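The values are calculated or read from the model by the stated rules, or taken from the named source; none is laboratory data. Only a predicted model underlies this, so the values are computations on that prediction, with no experimental measurement involved. We place every Cβ from the backbone using ideal geometry, glycine too, and count neighbours over all the protein chains shown.
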Amino acid sequence: MRKRYLFLNILLLLIFVASSCRKDVEVFINEDTSLDTSTQNGFLGFYLLNEGNMGSNKSTLDYFDYTTGKYKRNIYAAVNPTVPKELGDVGNDIAIYGNRLYAVINASNKVEVMDAITAKRIGQIEIPNCRYIKFDKGFAYITSYAGPIQINPNYTQKGYVAKVDTTTLSIVDKCIVGFQPDGLEITNGKIYVANSGGYMGAGNTAKYERTVSVIDVATFKEDKRIDVAYNLDHIIADKRGDLWVTSRGDYKQLPSRLYFIDNAAQKVTDTIPIAVSNYYLDGDSLYIYSTEWSYITYSNVVTYAIVDTRTHKVVSRSFITDGTDKEIEIPYGIMVHPVTKNIYVTDAGNYVTPGMLYCFTKAGKKKWSVRTGDIPAHFVLLPKS
Amino acid sequence: MAFICPKLYGQKAYRNSAHIDTAGVKTLRGVTVSGTGYKEVIPTQKLAGESLKSLNSFSVADAIRYFAGVQVKDYGGVGGLKTVDMRSLGTNHMGVFYDGIQLGNAQNGQIDLGKFSMDNIESISIYNGQKSEIFQPAKDYGSSGTIYLRSRKPVFDSLKTTNFKGVFKTGSFDLINPSILLEKKLTDNINYSFSSEYIKSSGRYPFRYKRIFHDSKAIAWDTTAIRQNGDINALRLESGLYGTLKEGLWNVKAYYYGSERGIPGAIVNNVWKRSQRQWDRNFFLQGSLQKNVVKGYDIQVNAKYANDYMRYLNPDTTLMYIDNNFHQQEWYGSIANKYSLSKKIDINLSTDFQYNTLNSNLDGFVFPKRFTSLVALAGAAEFGKLKMQGSVLGTFVNERVTRGNTSTGDSAVAAPSKNEVTPAFFLSYKPFTKLDFNIRAFYKNIFRMPTFNDLYYTDIGNISLQPEFTYQYDLGFAYRKSFTGSMFSEWHLQTDFYYNQVTNKIVAVPKGSGMYRWMMMNIGDVEIRGIEIVSDFVFTFPQEILLNFRTAYTYQAAQDYTTRKSTELQKTTYGGQIPYISWNSGSFISSIQYKSWRLNYSFIYVGNRYQNSANIPENYEQPWYTSDLSATRNFQFKRYRCRISGELNNVFNQDYEVVLNYPMPKRNFKIILAVEL
């Protein structure tokens, strides 16, 4: 009688252990979602790089296929099943140059190089703390926070731009710039680098970096600095070669702003009174979203705006017109299709669980939405070759 | 033989229901309660004595894994962070008490139980709600669940006046771990104890990651590497005086822990080694006095001063250079008064005062100071088959800040003061006079204060945070039966069903005006439904063979009911199992004792979990289960009592992770040699 209890107990334990044993972990297989009909718009599709929360190693790659209207979530491991620990930790930028796809994986200290059409891995470029990438005449230029160290107690570490030969994937030169360089742009034979100073002065604004470095492409030397504002982030050149730079502000008194650098004058000649978290330039329209933390309501105040780069005027303060903006928790990535003018906006949600990708028509009406990876952030269009 | 005592597996017996009044000696914190006269109306689990010693555990965290309803978050290795969570309420809701007084961490509310080695620990008890003892400081009423760690107290055989014990442990991870204990009888009424331990380990161990193809099941990739930067170097010193008075007891104790360790960090693509380091220095001095003043009236006084220093260094020049230090101090005093109204009714009034400060060299950090006063009024009553306990705790918190490292122009504002009154009610009913069968139920409402980091940490802190509340409902029973003259000598079973709710949960949420920034907010909502079953079996065979089994099983559905702005995103997380809580988990301990030999086998199972409340395949975390073996032999060598043990952990060499990207050690071993005089 009594022994029966014991055996029953042990048996139960064994059953539940055996029934829920571990199996070897399988490589992820991407999930496909049909969202749209097949469309011809000059592009095969676009990639969306999900950053993934730091330390989670969950940077993933999604692909939207215009030829089938299908969204393929998390394709990297499926295409490259033999790569240990998959794509990596915190994807920070993505770009296509020639027939190759480059993904800058910040906390994995590398730029992943893949085939643009298949996303098959070709190799990687080792750059510690890499941030953004741009290309010019066969070379890739990548910003990094991890400049050289000097034995000097008062020395603060500067960042650099790495020059990489895209045929050999090797670093051929480095150019030291300002503190914690982020976005960069190449126009008229110059590389413009937005130095953020992101590691500096959470307590003291006075020490923040506030310049754009100008590097001559031919000599790969820093020509000069253009004083802009604290904590710079993105930089982009319009058709006329003038530059649009964003400042994050100091998160306290100084708000985020959009600055205009006149190419001829090589200095800031205008400030647009709008906060910018991220933007996308389509023709002469700069599509902007901004998230500003309000200490009054203890919530994020989000604006979706368009700035005309010719007139420098804010022509719209709500390019999402159907009320979907109220659904978006924290916008994180933006792209505008050059042909269809469809607007793509991502929602990073709570940063630790999956986000969403929204597609809006030119008129700002929602076409479709789809679940993405964690922190969907960076887009690149795949042109028809 | 002492170990025949069923208390080995320590589910406290209900046998003796006699009401003990003025039980000063028996209930004093710090004294091993040898009787069973507790008005034990609260679910409790305890590991003590031989069974605790023979568990293969390096730290308190390893031993706690064997309790039902407890989840340990283990980042791996000897020096890795190990935090405990009870019934999925969250680490910050746990109160950890060391020799009767709570270990505090006003900065982040986390107690790293990996820092407490098993060397000098004599018993570990856990309580859901609070301890079944109304004669205690107000702080003991202030957590959703409590862990009591009790270090060894000097006890002397008739003629001895000195005890000495030396232990040496070595094994995997290049472990060198010597410790000594000295106990002295100073006078008839005063004993002295000194204990010290040193731990050095490289923290190096091989780990393996592997993936297979979905269709062919062939290996896609398979990588083995050595865990780096998990080294530790730690010294513990502990000294105490233990005295008796006329109808009273007192003790004073000093504790020091100093360590330097590497923080091994997450293993991610292309980064298999990290270089961050941490230094800790914890010191406290605490004292306790308990005395029967007049018949029916007892008083208990506790006091503590703690001084904690932590330094974090990131020397990796490819990342942001960080060299931060945090310095905390705590002053604490408590007076508890117990008055017996009658033989059946006791009441207790406790008042505690606590003052906490935190200074740091962190940029932009204000220096917070917190003044907490707690008042607890509790009553215990016993009416034949029915026992009851009720308590009301009032918590009054005031904070101030000094400018600290804020730059001029920035605001430095303290969080508003908080006043909360929270109740708890416990009930136990013994329906049959002849059967040792008890039904119990409890309700408790309590909260945790936002930590200093939640409120003030540069940029992410939010001074308008409210406390995070928990509501616990429990219904359970305990049954014990002993069989005299039978080989199956004892059986014990306890089962609890519970429903918990966490509201106002403090969660980091994304904050605008820049990429990837956070803000602490009271937005979370969690509901937990669970079952716990614990069962013990004791067999006594002829020829001094003693066989023990203990099984524990936990089922938990801990669901995230946080509402979100986006209905689309809410679909992915609403109702999802919260991070790292498995639905099924269990443990099994068995030991067989024959004369001076003891063999121990223990098994732990943690079922599948998800890394976050979006329960999708990408966030799936495998179940893991490990088997540990140990063999111990006690023998006499001249005047010395010796003990030699060998431990083998993770016998089947499982590659597992408790936390994503923090691989755990494969098979490892330890050898222990102890000499007592």
* Asked: What are the pairs, 6+ residues apart or on separate chains, where a residue within region B:564-591 that is under 16 Å from A:LYS326 (Cβ atoms) and at the interface with chain A (Cβ under 9 Å from one of its Cβ atoms) has its Cβ under 9 Å from a residue that is surrounded by fewer than 20 Cβ atoms within 10 Å (Cβ to Cβ) and of a type in the set (Phe, Trp, Tyr)?
  -> B:ARG564/B:TYR574
* Structure fact -> When every residue in region B:101-120 that is assigned to a loop (DSSP other than H, G, I, E, B) and under 13 Å from the mean Cα position of the chain (by Cα) is compared, the one modelled with the highest pLDDT is B:LEU103
* Structure fact -> Filtering strands (runs of 3 or more DSSP E) wholly in region A:107-158 for at least 2 residues that are aromatic (Phe, Trp, Tyr) and in contact with a strand residue (DSSP E or B) (Cβ under 8 Å, 6 or more places away or on another chain) gives A:130-136, A:139-144
* What is the residue count in region B:214-253 for residues that are surrounded by fewer than 16 Cβ atoms within 10 Å (Cβ to Cβ) and either among the hydrophobic types (A, V, I, L, M, F, W, C) or part of a loop (DSSP other than H, G, I, E, B) (or both)? -> 14
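Listed here are the residues, each with its yes/no results for (1) surrounded by 17 or more Cβ atoms within 10 Å (Cβ to Cβ); (2) within 13 Å of chain B (Cβ to nearest Cβ); (3) touching a Lys or Arg at 6+ places or on another chain (Cβ under 8 Å).
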| residue | (1), (2), (3) |
| --- | --- |
| A:GLU222 | yes, no, no |
| A:TYR230 | yes, yes, yes |
| A:GLN253 | no, yes, no |
| A:LEU258 | yes, no, no |
| A:THR269 | no, no, no |
| A:SER285 | yes, no, no |
* Asked: Out of region A:50-70, which residues are within 14 Å of chain B (Cβ to nearest Cβ), in contact with an Asp or Glu (Cβ under 8 Å, 6 or more places away or on another chain) and within 24 Å of B:HIS214 (Cβ to Cβ)?
  -> A:ASN50, A:GLY52, A:SER56, A:ASN57, A:LYS58, A:SER59, A:THR60
* To do: Look through region B:187-227, keep the residues that are within 18 Å of B:TYR656 (Cβ to Cβ) and hydroxyl-bearing (Ser, Thr, Tyr), and return whichever of them is nearest to the other protein chains (Cβ to nearest Cβ).
  => B:THR223
* Asked: Out of region A:58-106, which residues are more than 15 Å from the chain's Cα centre (by Cα) and among the acidic types (Asp, Glu)?
  -> A:ASP65, A:GLU86
* Can you confirm whether region B:537-548 contains a residue that is in a strand (DSSP E or B), at the interface with chain A (Cβ under 10 Å from one of its Cβ atoms) and either at pLDDT below 95 or surrounded by 23 or more Cβ atoms within 10 Å (Cβ to Cβ) (or both)? => yes
* Asked: Listed residues A:ASP62, A:ASP32; which is loosely packed, with under 15 Cβ neighbours inside 10 Å, modelled with pLDDT of 90 or more and on the phi < 0 side of the Ramachandran plot?
  -> A:ASP32
* Condition test on B:ILE528, is it surrounded by fewer than 20 Cβ atoms within 10 Å (Cβ to Cβ) and either closer than 30 Å to B:GLU657 by Cα or more than 8 Å from chain A (Cβ to nearest Cβ) (or both)? -> no
* Structure fact -> Restricting region A:353-385 to residues that are assigned to a strand (DSSP E or B) and β-branched (Val, Ile, Thr), the one nearest to A:LYS134 (Cα to Cα) turns out to be A:VAL380
* Asked: What tally of residues in region B:635-668 results from selecting those that are of a type outside the set (Gly, Ala, Ser), crowded, with 17+ Cβ neighbours inside 10 Å and not in a loop (DSSP other than H, G, I, E, B)?
  -> 10
* Asked: Only one of these conditions is not met by A:ILE191: (1) assigned to a loop (DSSP other than H, G, I, E, B); (2) more than 14 Å from chain B (Cβ to nearest Cβ). Which number is it?
  -> (1)
* Asked: Which one is farthest from the other protein chains (Cβ to nearest Cβ), of the residues in region B:388-422 that are in contact (Cβ under 8 Å) with a residue 60 or more places away in the chain and among the hydroxyl-bearing types (Ser, Thr, Tyr)?
  -> B:SER391
* Structure fact -> Note: among B:SER123, B:SER132, just one is under 24 Å from B:LYS444 (Cβ atoms) and under 12 Å from the mean Cα position of the chain (by Cα), namely B:SER123
* Asked: Which one of these does B:THR458 not meet: (1) more than 14 Å from chain A (Cβ to nearest Cβ); (2) not in a strand (DSSP E or B); (3) not acidic (Asp, Glu)?
  -> (1)
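Yes or no, residue by residue, for (1) touching a helix residue (DSSP H, G or I) at 6+ places or on another chain (Cβ under 8 Å); (2) not small (Gly, Ala, Ser):
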{"residue": "A:ALA119", "(1), (2)": "yes, no"}
{"residue": "A:GLY123", "(1), (2)": "no, no"}
{"residue": "A:PRO128", "(1), (2)": "no, yes"}
{"residue": "A:GLY138", "(1), (2)": "no, no"}
{"residue": "A:VAL161", "(1), (2)": "no, yes"}
{"residue": "A:VAL164", "(1), (2)": "no, yes"}
{"residue": "A:VAL172", "(1), (2)": "no, yes"}
{"residue": "A:VAL177", "(1), (2)": "no, yes"}
* Asked: Scanning region B:492-513 for residues that are farther than 17 Å from B:GLN472 by Cα and surrounded by 20 or more Cβ atoms within 10 Å (Cβ to Cβ), which turns out nearest to the other protein chains (Cβ to nearest Cβ)?
  -> B:GLY512
* Asked: Applying the selection to region B:638-647, what residues are of a type outside the set (Lys, Arg) and without any contact (Cβ under 8 Å) to a residue 40 or more places away in the chain?
  -> B:TYR640, B:CYS642, B:ILE644, B:GLY646
* Using the structure shown, decide if A:ALA77 is within 14 Å of chain B (Cβ to nearest Cβ) and of a type in the set (Gly, Ala, Ser). => yes
* To do: Considering (1) part of a strand (DSSP E or B); (2) modelled with pLDDT under 95; (3) of a type in the set (S, T, N, Q), say which one A:ASN350 fails and leave the rest.
  => (1)
* Structure fact -> Of (1) out of contact with any Pro (no Cβ under 8 Å at 6 or more places or on another chain); (2) closer than 30 Å to A:GLU86 by Cβ; (3) surrounded by 19 or more Cβ atoms within 10 Å (Cβ to Cβ); (4) modelled with pLDDT of 95 or more, A:ARG371 fails just (1)
* May I ask you to list pairs of residues, at least six apart or on different chains, whose Cβ atoms are under 7 Å apart, with the first in region A:65-84 being surrounded by fewer than 19 Cβ atoms within 10 Å (Cβ to Cβ) and the second being modelled with pLDDT under 95 and of a type in the set (Asp, Glu)? => A:GLY69/A:ASP36; A:LYS70/A:ASP32
* Checking A:ILE296 against (1) in contact with an Asp or Glu (Cβ under 9 Å, 6 or more places away or on another chain); (2) within 14 Å of chain B (Cβ to nearest Cβ); (3) in a loop (DSSP other than H, G, I, E, B), which test does it fail? -> (1)
* **Verdict on A:GLY178 being away from every other protein chain (no Cβ under 14 Å), modelled with pLDDT under 95, assigned to a loop (DSSP other than H, G, I, E, B) and touching a strand residue (DSSP E or B) at 6+ places or on another chain (Cβ under 7 Å)** => yes
